[in-house]
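Worksheet for the structure shown next.
Coordinate-derived values only; no laboratory data. Since we're looking at a predicted model, the values are computed, not measured. All Cβ positions, even for glycine, are placed from backbone atoms using ideal geometry, and neighbour counts span all protein chains on display.
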Amino acid sequence: SSCTGLKSPEPRQTISMSREEFMQKMKEVIGWGTEKEYQELFDKVDVARDGFINWDKLTSFMLLALCEKDERAKATVVPQWKALEFLPAKHKDIIQKVIFLKSSSRYLTLSKEGLLGIWGENLKLQETLPITTDVTKLKHLWVTSLVSLENVNKIAVAFTSKEICFYDLLSKEEFPCQYKLQGLQATPICMDYWYDPLDANESILSFGDITGKVQAISFTAALISLFERPPGACEDEDTTMTINWAEVLSGYHKCCYTVQHKLHHGDWVRQVAYDASLDAIISSTTSNTNTVVLAWREKSKQHLKMTSFSIAQGIHAFDYHSRLNLLATAGINNKVCLWNPYVVSKPVGVLWGHSASVIAVQFFAERKQLFSFSKDKV
């Protein structure tokens with residue numbers, strides 16, 4: 001230890017050393033490092049330029065250097081949040097979804113009453129548009145969810161009228177409704193969209209409803225058409241084509257097929273997501289039985305095999321990290337659990353620290369971090 005070089009055999013008596021002595025002693029005692037490195041260390045410790053340093057000065061310097069190193073390490077790991085900024089919006093009701101459109105670097109916000117806000121990358125509100133189906137007929141129509149169909153430049157919006165409408169982002173008109181999928185058996189309240197980056201014709205729109213049903217439409221020719229237009233139908237992009245859910249289920253539309261399950265038994269499906277690495281549709285509820293269901297697509301792609309986790313008090317949300325093969329769940333019981341999707345008996349880890357129920361979890365892959373947010377704004 002370097003203590004022997006700078007400490008006197010007599011208690012409470014500290015020796016001072018010159019630059020030359022310090023350099024030689026350190027090389028002898030530690031056995032590695034160059035003379036130049038020890039000279040530089042001496043100069044850093046001898047701030048007052050006395051030409052001498054003692055053990056107290058050296059340890060103070062080392063402690064300070066380690067503290068600074070620790071602070072720097074923390075600064076790279078812990079995000080430096082700026083103060084919250086409230087953006088002036090025109091929404092009159094709950095904002096159901098915020099999405100980012102990569103193609104145009106814009107954000108979209110959609111509120112329950114059907115008002116769509118379009119924001120620039122600088123978070124300045126560019127315009128607002130009412131998005132509705134037949135609003136005059138349906139006074140109490142609410143919007144429940146919104147997803148972006150990036151590969152085909154569309155958005156899909158779910159309504160309490162048991163409809164999903166697909167709007168074209170490239171049209172000269174303001175977001176015309178291109179397809180109206182109606183006749184769903186229950187109100188869809190959450191949606192997810194995935195497309196294959198290697199073949200953008202292949203995509204999946206999954207959605208969960210208020211009866212606990214999870215359904216998914218697999219599109220096989222998305223770039224050409226999501227649904228088949230009836231023979232002789234007008235090709236005009238701005239005319240709305242109405243599709244009945246029963247005809248989609250029957251297989252009438254050759255460019256898509258459906259899969260579904262009811263394992264959530266009447267509980268509202270709060271979140272749904274298709275993950276390509278698992279080839280499974282993940283869904284969750286706030287129930288303590290079958291809280292998370294993984295519906296694995298079998299080889300034919302048209303059949304599902306189900307596994308489920310039951311989590312005490314249920315969860316608000318989840319996120320899956322394919323490289324770590326971990327599913328994080330935001331527990332109503334204040335806990336964040338980490339699951340291996342292939343092991344349903346118990347979580348591989350439980351993260352404590354929140355003192356209110358957790359409402360969102362999000363992996364930040366680049367930083368190898370997991371963010372969690374709870375109801376008390378922590």
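Each other residue within a Cβ distance under 10 Å of Val259 adds +1 if Lys or Arg and -1 if Asp or Glu, for a net charge of +1.
Annotation for the range 154-226: GluC sites (Glu not before Pro) lying in DSSP loop with at most 16 further Cβ atoms inside 10 Å of their Cβ are Glu173, Glu174.
Largest mean-square fluctuation among Leu41, Leu129, Leu87, in a Gaussian network model of the chain whose springs join Cα atoms under 10 Å apart, belongs to Leu41.
The alpha carbon convex hull volume per residue for the range 116-212 rounds to 130 Å³. Computed 3J(HN,Hα) for the range 115-128, one whole-Hz value per residue from the Karplus formula 6.51 cos²θ - 1.76 cosθ + 1.60 where θ = phi - 60°, is 9, 9, x, 10, 10, x, 5, 7, 6, 9, 5, 8, 6, 10, glycine and proline marked x.
Between helix 19-30 and the chain there is an angle of about 70 degrees, using the helix long axis and the longest principal axis of the Cα atoms.
Report the net charge of residues surrounding Asp196, where surrounding means a beta-carbon distance below 14 angstrom and charges are Lys +1, Arg +1, Asp -1, Glu -1. Neighbour charge sum, excluding Asp196 itself: -3. Against the chain, whose longest principal axis is taken from its Cα atoms, helix 35-45 shows a tilt of about 80°.
Which of [x] 52; [y] 43; [z] 32 is the computed percent of Cα pairs over 35 Å apart for the structure on display? Working out percent of Cα pairs over 35 Å apart from the coordinates points to [y]. Could you pull out the GluC sites (Glu not before Pro) across the range 30-104 that fall in loop regions by DSSP (anything but H, G, I, E, B) with no more than 10 other Cβ atoms inside 10 Å? Here the sparse-neighbourhood loop sites are Glu85. The base-10 log of I(q)/I(0) for the range 292-378, evaluated at q = 0.10, 0.12, 0.23 Å⁻¹, reads -0.27, -0.38, -1.12 [Debye formula, identical scatterers on Cα atoms, solvent excluded]. Each residue of the range 322-332 is assigned a 3J(HN,Hα), and the resulting list reads 5, 5, 8, 6, 10, 10, 9, 10, 8, x, 5 Hz, derived from the Karplus form 6.51 cos²θ - 1.76 cosθ + 1.60 (θ = phi - 60°), x at Gly and Pro.
Based on the Stokes-Einstein relation at 4 °C and a viscosity of 1.567 mPa s, and on the Kirkwood radius from alpha carbon pairs, the range 3-77 is assigned a translational diffusion coefficient of 96 µm²/s. Near Ser357: Cβ cut-off under 14 Å, other residues only, Lys/Arg at +1 and Asp/Glu at -1. The net charge is +3. Only helical runs count toward this figure. For the chain, summing -39,500 (n - 2.57) over DSSP H runs of n ≥ 4 and dividing by all residues gives -4500 deg cm²/dmol at 222 nm.
With Cα atoms as the point set, the radius of gyration and Dmax of the range 90-262 evaluate to 15.5, 46 Å.
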